[in-house]
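Participant: One structure coming up, written as structure tokens, with questions to follow.
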Amino acid sequence: MAEAILSTLRETWSGYVEGLRLVIPRLLAMLTVIAAGWLIAALARAITGKVLGWLRVARLSERTGAAELLRKAELPPAERLAASAVFWLLFLGFLLAGVDALGFSTLQALRSEVGLLVPRLAGALAILVAGLVIANVVRPVVLLAAVNAGWPSASLLAGAVYLLTMTIVTAMVLDQVGLARPMVLTAFAIVVGAVMLTLAIAVGIASAPLVRRLLDERLAARARPESDGSSHL
Amino acid sequence: MSTILSDELLSGLMAVGQLDVLVGLPTLNHSDSVGPVVRAAHVAFNRELARERTALLNMDGGSTDGTPDIVRDASIVDRETLLASQSLRTRHRISAPYHGVPGKAAALRAVFAAADLLQARAVVVLDPEIASVTPESVAALARPALAGDADFVSPAYARHPLDGPLVTQVVRPLFRAAYGLALAEPLSGEFGCSGRFAARCLEQPTWESEDLRLAIDLWISGMATGDGLRVAEAAVGPRRLTARPRPAVAALVPQVLDALFTCLRLQEAGWAPGSRAIAVARSAAPPPPPDPPANVDAAGYATLFREGLSALGGMLERVLRPATLEALRAGAAADRPHVPDDLWAAVMLELAAAHRHATISRDHLVRAAVPLYLGRVASFAAELAGLEPRDADERLEALCLHFERSRGDLVALWTAPLR
Amino acid sequence: MSDALWYKDAIFYELHVKAYSDANGDGIGDFPGLVTRLDHLKDLGVDCIWLLPMYPSPLRDDGYDIADYCAIHPQYGTLDDFRSFLKAARDQGLRVITELVLNHTSDQHPWFEEARSSPDNPKRDYYVWSDSDDRYRGVRIIFRDTEMSNWAWDPVSKAYYWHRFFSHQPDLNYDNPAVREEIWQVMRFWLELGVDGFRVDAVPYLVEREGTSCENLPETHEVVRELRRRMDAEFPGRMLLAEANMWPQDVRPYFGDGDGFHMAFHFPLMPRIFMALRLEDRKPLVEIVERTPEIPASCQWGLFLRNHDELTLEMVTDAERDYMYEEYARDPVARINLGICRRLAPLLDGDRRRIELMNALLLSLPGSPVLYYGDEIGMGDNVYLGDRNGVRTPMQWTGGWNSGFSVADPERLYQPLISNPVYGYQAVNVENQRRQQNSLFSWTKRLIQVRRSTRVLGRGTIEFLKPANHRVLVYVRSLDSEKILVVNNLSGTAQAVELDLHDFAGAIPIEMFGGSLFPRIRERPYVVTLGPYDFFWFKLRWL
């Protein structure tokens, strides 16, 4: 009995060691690939930054208005953004290659799935970036317009617009990726519907007089900058 | 090779020949206001400048409302004026389109080119949006250059101290700090100048620049700091704009600030060295009493100041020094907005530098300045309550002096970014 | 005026101190008198005075026979007077160049007196001696009206001496280094006093060689280069102007590679200007300019209409000379030494329009113009005074006593004033003309002002346009991007001319005297109409 147990243990142990002997080189290979990938991606980022600087991309982006757009979106300058994109793309590739080096069929299958997913991910990334830019452009514009028009709670308004924009963008991203599509659609509909319903009930039925009075008081007291600025010149 | 002067315009200029005073009038759809301006110039030619060789040159940017026809056909309707101002000479009146992107810059360039070709001794540029132009004011802008006493003649309007705060609180003091030139109206759309000044402006390479189109009026005033140029001011009475609707304050302030900061950037090489002020010759005539002041909605401005400062704090942190922002917050929190001269000077200098370095989007920066400006106006209005106009004028002068003394700060901020 | 190439922009004014203004009442102009008239030159707008010889001299060739190179003739004042004059000129912004007679001295010069005293005298070889007059056969005689030979017998030293000019002007021997050193010391003397340069007389004849024309020899050029080297080393910014009455291609070597003369007169151009006017045809003028070789960038031609000498007709063909004599000097008394000895105004029959056109040509053709004193008011001449004295009469300042030239008795003047009703001093004088806006003096002032408003006319290139109408002379002067179009009507009748200006399409011609605008130049022919002897200077602007 003891012999059997020992034998089983011995077999299990040798199997384990055998497994380790198989896995460790692959693990090391994966780490090497990832580390090398990181280095190469970092070098590529640096070179890209230098080349873009030499090509005076900063001046070009100023002239085309792209720099202003990025500033409005509170994103880094164009050349840094491009260099970062180069870094992440390269690194992602090496990451996937590293996973491949492990040789696990499950992971390889997963990598293939990820590989298939890449175009949709790229699309989703594009939507996310565009969405971020739009949201970051729109927020300060709404904020400044509201402040200068004397609207109440300008920050709240700008924040709400930003949130709404990002909600839509998030839903679009998830839809693009194809994850839990029905759930996303439903959740989105519920959130938006609920917000709309709440506003309608509050303003239109239950608190009409109160809201009306509040709005009247606040708006009456609200200063409006002159509609004609002639006297300021 | 592209030309500044069209053949049609050149034809007109050939007929005019050498002259003493050229009056330039840029227009673009000004049919509602251009008539009185043309008539004022016409009477000025015949009555105030009777012996001089004069011409009116209307540079039109492609009006679709018949402005050029009005210019050509405008005549004196008042019989007494007509009799009193019979002309000794042929008076030329030319209306022609100009080459280039429509805008005042292209129009002025054509006027300067025409003045240079015709060897005009004096040039007067009029603004069709100013309703208070008179024959006397036209002559007042021409005479110093005609007499060879000045190269640039800026108008000096009879203003109430609370009138035109964008000019008195922003443009005038900052212009003075940077250029060392104590002009009352650097932003004026009308001015006089000598042929030499016109030729010098014409030589500048910046005419094609987008930035110049935005800041042309200030740029012209800035050119007056050039080597060897003499500057004068002419008292031209009160200033009234035509009735056409103008942008709201919320749009006007960013426009003016953008133009001002852009102009500082375009002409940074021409800033006055040190703090020497350039002499300005003033007309001896006593100024007429100013128009009654516009009402300042101090309470409203105070609210906008407070709420704007609160909402835009995050943005302003990136352009103003912490101490300046803190002081603004303290000033907003008081019962009445308190933005003293030193704080206001710091705000304007830091905003100017941030605009130059594009620390944040320039468009956002000038819009974020609106509540700060309104706060300052409210603060200043409160200070002036109860003061005599003469004392109020001294306060305005004190503000300008404060900006002048802060010139070193401006230069330091300009050459090194805030962050 | 610190520009090293100042002579390219300068307008020169030639005068003889004896003829300008007399301060001490002896009837002869002097330096103190000249000082009192500097404001006239300043007002006129000239830049540099060229003084004719003012050295001690027996005056048998109006001062070109020099007896002492480093002094002032007592008639004209003292060396101190000259220094005062230089200072006053400088204060008025005027430069001064003086005459430097390199080729010969007076036979009363101490050097010659020593040289002739004995064959063993150290200064014997300062001059060119010969036992016979056979040497240098075939060399032309310059003053053929008065000289029979280039050799003269000296009874003192019993030998012949060489002279290319008058026999009382023995030629210096430039093969002798001592002579070159002496001449350099002479130059140094005046340069140290402050003169801005020299007009060098009779340059081509410095060196003689058997079997040659004894003119323009390589050795002559080397002498010039050596003097130039020494002058540049010690006195940079000074100028040497050559008088070499030669064809342009023969004058060209005198510029060297910019290491010879700074300037040289363009002798052949001058008679052709007169010819073109008379013929009413641009051909002679265009041809001579087009045949003029390129000169180094630092060099400049000197242009003139008239000067103290005769209007020389050496550099023309016989047919051309005959034509000039017939058209301009019907009376043989005006003809002298292969030339015509008359002033500008009488040559042009006092025709104001022709005088203006000639001056406009002088100031718009490539080179630096030299005005002869008195021509700015249209002074006349007296051909009966003999030799070239008829064009060297006293300057006419006023209509009063001696025309304001001198307080001496009129009979005591070095030469009588011009006093006929047309050109006499009562009618033609500076004071009259200063009071009149449309006088020739006022007009000449304005012409000079316009010329000075641009550097193109002094430093620019020239390109002739050749429209079908030969009576109209048209050229474009260019310097960098600046262009001036010059149109001249050489005829006495109104003319119309079509010009091919497509190279300048888009430009606006601006007439330079009045600033009037002319229609913009297009690809199609540009029509210009001109009145008799009219001219236009157009500045081309692209706007």
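Readers should treat all values here as calculations from the given coordinates under stated rules, not as data from a laboratory. Source: prediction; values computed, not measured. Note that each Cβ is placed from the backbone with ideal geometry, even for glycine, and that neighbours are counted across all protein chains shown.
Participant: At q = 0.05, 0.07, 0.08 Å⁻¹, what is the log10 ratio I(q)/I(0) for the protein assembly as shown, with the Debye formula run over Cα points and no solvent?
Facilitator: -0.59, -0.88, -1.00
Participant: Something else about it: Restricting to DSSP loop positions (anything but H, G, I, E, B) with no more than 11 other Cβ atoms inside 10 Å of their own Cβ, which chymotrypsin sites (Phe, Trp or Tyr not before Pro) remain in region C:171-249?
Facilitator: Details: sites: C:TYR174, C:TRP184, C:PHE189, C:TRP190, C:PHE198, C:TYR205; in loops: C:TYR174.
Here no loop site has a sparse enough neighbourhood.
Participant: Let me ask another. Counting only DSSP beta bridges with both residues in chain C, what percent are antiparallel, rounded to the nearest 5?
Facilitator: If I count the DSSP bridges inside chain C, around 60 percent turn out antiparallel.
Participant: Let me ask something else about it. Quantify how strongly other chains surround peptide A:138-148 by giving the mean number of their Cβ atoms within 10 Å of each of its Cβ atoms. Write down the numbers at each step before the final one.
Facilitator: Numbers: counts 0, 0, 9, 4, 0, 8, 14, 2, 3, 13, 15.
Per residue, the number of nearby Cβ atoms from other chains is 6 on average.
Participant: Spin-label point model (7 Å from Cα, Cβ direction): what's the C:GLN449 to B:HIS402 distance in nm?
Facilitator: If labels sit at C:GLN449 and B:HIS402, their model points lie 5.3 nm apart.
Participant: By DSSP, what percent of the beta bridges with both residues in chain B are antiparallel, rounded to the nearest 5? Display every interim value, and only then the final one.
Facilitator: Values: 7 of 33 bridges.
Of those bridges, close to 20 percent are antiparallel.
Participant: May I ask for the longest run of chain C untouched by GluC sites (Glu not before Pro) that are loop-located per DSSP and have at most 14 neighbouring C-beta atoms (other than their own) within 10 Å? Working shown, then result.
Facilitator: Numbers: sites that count: C:GLU210, C:GLU294, C:GLU523.
Free of exposed loop sites, the longest segment is C:295-522.
Participant: Any idea what the dipole of region B:298-415 comes to, in debye rounded to 20, about its Cα centre with Lys/Arg Cβ at +1 and Asp/Glu Cβ at -1? Numbers along the way, then the final one.
Facilitator: Details: 13 positive and 16 negative charges, 101 e Å.
Its charge dipole is roughly 480 debye.
Participant: Grab the beta carbon distance between C:SER130 and C:THR212, set R0 = 22 Å, and tell me the FRET efficiency rounded to 0.05. Walk me through the numbers before you get to the answer.
Facilitator: On the way: r = 16 Å, r/R0 = 0.72.
Efficiency at R0 = 22 Å is approximately 0.90.
Participant: Under the classification rounded if a/c is under 1.5, otherwise prolate if a/b is larger than b/c and oblate if not, where does region C:495-543 fall, given a ≥ b ≥ c as square roots of the Cα gyration tensor eigenvalues? Numbers along the way, then the final one.
Facilitator: Working: a/c = 2.59, a/b = 1.19, b/c = 2.17.
In terms of gyration-tensor shape, oblate.
Participant: Using Cα pairs under 8 angstrom and six or more residues apart, how large is the relative contact order of region C:457-541, in percent? Mind dumping the intermediate values first?
Facilitator: Numbers: 192 pairs, mean separation 26.0, N = 85.
With pairs under 8 Å counted, the relative contact order is 31 percent.
Participant: In addition: Would you mind ranking B:CYS201, B:CYS263 by Cβ crowding within 10 Å, fewest neighbours first? Intermediate results must be reported in sequence, preceding the final value.
Facilitator: Numbers: B:CYS201 25, B:CYS263 28.
Least to most surrounded, the residues fall as B:CYS201, B:CYS263.
Participant: For B:ILE360, A:ILE168, B:ILE220, which order do you get if you count the other beta carbons within 10 Å of each Cβ and list the fewest first? Each step should come with its number before you reach the end.
Facilitator: On the way: B:ILE360 20, A:ILE168 15, B:ILE220 25.
Listed from fewest to most nearby Cβ atoms, that is A:ILE168, B:ILE360, B:ILE220.
Participant: Would you compute, from DSSP H runs of 4+ residues alone, the mean residue ellipticity of the protein assembly as shown at 222 nm, taking -39500 (n - 2.57) per run and dividing by the full residue count, rounded to the nearest 500? Spell out each step's value before the answer.
Facilitator: Values: 41 runs with 546 residues, N = 1195.
That comes out to -14500 deg cm²/dmol.
Participant: In whole Å and largest first, what semi-axes does the C-alpha gyration tensor of chain B yield when each eigenvalue is scaled by 5 and square-rooted?
Facilitator: Numbers: eigenvalues 296, 104, 78 Å².
Gyration-tensor ellipsoid for chain B: 38, 23, 20 Å.
Participant: Measuring from label point to label point, each 7 Å out along Cα→Cβ, what is the A:SER84 to A:ILE5 span in nm?
Facilitator: Going from the A:SER84 label point to the A:ILE5 one covers 5.9 nm.
Participant: Let me ask you something else. So which trypsin sites (Lys or Arg not before Pro) in region B:45-78 end up in coil per DSSP with only 13 or fewer other C-beta atoms within 10 Å?
Facilitator: Details: sites: B:ARG47, B:ARG51, B:ARG53, B:ARG72; in loops: B:ARG51, B:ARG53.
Qualifying residues, ordered by number: B:ARG51.
Participant: Does region B:132-190 classify as rounded, prolate or oblate by the C-alpha gyration tensor (a ≥ b ≥ c root eigenvalues; a/c under 1.5 gives rounded; else a/b over b/c gives prolate, otherwise oblate)?
Facilitator: Numbers: a/c = 3.14, a/b = 1.41, b/c = 2.24.
Oblate, because a/c is 1.5 or more while a/b does not exceed b/c.
Participant: Then there is this: Relative to the Cα centre, what is the charge dipole magnitude of region A:16-103, using +1 at the beta carbon of each Lys and Arg, -1 at the beta carbon of each Asp and Glu, and rounding to the nearest 20 debye?
Facilitator: Details: 10 positive and 6 negative charges, 66 e Å.
Taking the Cα centre of region A:16-103 as origin, the dipole is about 320 debye.
Participant: Say R0 is 35 Å: what FRET efficiency, to the nearest 0.05, do B:ASP149 and C:THR529 get from their beta-carbon distance? Show your work: numbers first, answer last.
Facilitator: Working: r = 41 Å, r/R0 = 1.18.
Rounded to the nearest 0.05, the efficiency is 0.25.
Participant: I would also like to ask the following. Using the number of other C-beta atoms within 10 angstrom as an exposure proxy, rank B:LEU202, B:LEU374, B:LEU312 with the fewest first.
Facilitator: Final ranking by Cβ density, sparse to dense: B:LEU202, B:LEU312, B:LEU374.
Participant: In Å, what is the Rg of the alpha-carbon atoms in region C:448-543, and how long is Dmax?
Facilitator: 12.7, 35
Participant: Okay, moving on. Average partner chain C-beta neighbours within 10 Å, per residue of C:514-526? Intermediate values should be presented prior to the final figure.
Facilitator: Working: counts 3, 6, 6, 12, 2, 4, 7, 0, 1, 0, 0, 0, 0.
Other-chain Cβ atoms within 10 Å of each residue's Cβ, averaged: 3.
Participant: Report, in debye and to the nearest 20, how large the dipole of the protein assembly as shown comes out about its Cα centre when Lys and Arg carry +1 and Asp and Glu carry -1 on their Cβ.
Facilitator: Rounded to the nearest 20 debye, it is 4940 debye.
Participant: Among A:ALA41, A:ALA58, A:LEU81, whose Cα sits farthest toward the positive end of the charge dipole of region A:16-103 (+1 at Cβ of Lys/Arg, -1 at Cβ of Asp/Glu, about the Cα centre)?
Facilitator: A:ALA58
Participant: Tell me the label-point distance for the pair B:SER6, A:LEU75, using the 7 Å Cα-to-Cβ offset, in nm and rounded to one decimal.
Facilitator: Inter-label distance under the simple model: 4.4 nm.
Participant: A further question on this structure: Taking 45 Å as R0, compute the FRET efficiency from the Cβ-Cβ separation of B:ARG395 and A:LEU156 and round it to 0.05.
Facilitator: On the way: r = 38 Å, r/R0 = 0.85.
Calculated transfer efficiency: 0.70.
Participant: Mind pulling the angle between the C-alpha long axis of helix C:440-452 and the longest principal axis of chain C? Nearest 10 degrees, somewhere in 0 to 90.
Facilitator: Here the helix axis deviates by roughly 80 degrees.
Participant: If you don't mind, another one. Which pairs break 28 Å Cα to Cα here: C:LYS8/C:LYS123; C:LYS87/C:LYS445; C:LYS283/C:LYS539; C:LYS8/C:LYS539; C:LYS8/C:LYS87; C:LYS87/C:LYS539? Intermediate results must be reported in sequence, preceding the final value.
Facilitator: Details: C:LYS8/C:LYS123 39 Å; C:LYS87/C:LYS445 24 Å; C:LYS283/C:LYS539 25 Å; C:LYS8/C:LYS539 20 Å; C:LYS8/C:LYS87 23 Å; C:LYS87/C:LYS539 37 Å.
Beyond 28 Å between Cα atoms: C:LYS8/C:LYS123; C:LYS87/C:LYS539.
Participant: Now, a different point. Per-residue Cβ counts within 10 Å, from other chains only, averaged over B:248-261: what number is that? It would help to have the intermediate numbers written out before the result.
Facilitator: Working: counts 9, 10, 11, 4, 7, 4, 2, 1, 3, 0, 0, 0, 0, 0.
That average works out to 4.
Participant: Something else now. Rounded if a/c is under 1.5, else prolate if a/b is larger than b/c, else oblate: which is region A:16-103, with a ≥ b ≥ c the root eigenvalues of its Cα gyration tensor? List each step's numbers first, then the result.
Facilitator: Working: a/c = 5.78, a/b = 3.34, b/c = 1.73.
Note, shape of region A:16-103 comes out prolate.
Participant: Report the full-extension gain for the segment B:ASP363 to B:ARG240: residue separation times 0.36 nm, less the Cα-Cα distance, to one decimal in nm. If you can, show how the numbers build up before the last one.
Facilitator: Details: separation 123, 0.36 × 123 = 44.28 nm, distance 2.92 nm.
Residue separation times 0.36 nm, minus the Cα-Cα distance, leaves 41.4 nm.
Participant: Let me ask something additional. From the residues C:ASN150, C:PRO332, C:TYR20, which one has its Cα farthest along the dipole of chain C in the positive direction, the dipole being from +1 and -1 charges on Cβ of Lys/Arg and Asp/Glu about the Cα centre?
Facilitator: C:TYR20
Participant: Over its Cα atoms, what ratio of radius of gyration to 2.2 N^0.38 Å does region C:351-443 give? Let's see the in-between values first.
Facilitator: Working: Rg = 14.1 Å, N = 93, 2.2 N^0.38 = 12.3 Å.
Output field value: 1.15.
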